[in-house]
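To start, the structure itself, in C-alpha cells.
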Amino acid sequence: MRKIVLIIFIFPALLVAQSPKYYFDKAANQYIDGDLPQAIETIDEAIRKFPNDPELQALKDRLLDEEEEQQNQENQSQGSQEENQEQENQEENEQQDPQDQQEGQEEEQEQEKSQEQMTKEKLEEMGISEEKALQLLEAMRQAEIKYLQHQRRKPTKRPPSGKPDW
C-alpha cells in the first residue's frame, strides 16, 4: 500500500518536472530574479527537450532580446564614459591652448565671410540685389505653402453618395 501511495504522489511530480510549463516557469522565475544567463540556459535545455513548443520559443526570443538590450545599455554606458573622458581632455586642451581656440574661431569667421562674399558675387552676376533675392525666396515659400494647402487629400474610402466629402 505504501508503494502505491508513493507512486501516486511521486509520478505526477516527475511528469510536471518534465513538462514545458515547468521549464517555462523556471526560466521566467530566473529572469525575474535577475539571473538572465541562467534563464537562457534553462530555456535552451527546455527547447532541446520540447523543440516544437511555441511558448518556449517565444520566451527564448524575449530573453535574447532582453540580453541584447542589456548589452546595448552596457555599451552606451561605456561610450558615455569615453565621451566624458574626451570632454575632460577637451577642457584641459582648451585651458592649455587659448590661442588654438582663437585660431579656430577666426577660421570659422573667415569661412562665413567667404560664403557671404560668394553669395553676393552670384547675386551680382544675376543682376539681383540682396533685398530682391530675399523677396523672391519669400514669394516662392508662400507659393509653395499655398499649393500644399490647396491640394486635395485623396479619401481613403469612397464617400457615400448624397453626403458631403468632409
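Throughout, read-outs are computed from the coordinates displayed, never taken from laboratory work. Predicted model, so just to flag it, every value in this text is computed and none were measured. Ideal geometry is used to build each Cβ from the backbone, glycine not excepted, and the neighbour counts take in all protein chains shown.
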statement: Most exposed first, judged by fewest Cβ atoms within 10 angstrom, Asp44, Asp53, Asp33 run Asp33, Asp44, Asp53
statement: Averaging 1/r across every pair of distinct alpha carbons in segment 38-80 and inverting yields a Kirkwood hydrodynamic radius, in angstrom, of 11.3 Å
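Give me Leu148, Leu56 sorted ascending by neighbouring Cβ count inside 10 Å, so fewest comes first. Walk me through the numbers on the way to the answer.
Values: Leu148 8, Leu56 23.
Starting with the residue having the fewest Cβ neighbours, the order is Leu148, Leu56.
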query: How do Lys113, Lys60 line up, fewest other C-beta atoms within 10 Å first?
result: Lys113, Lys60
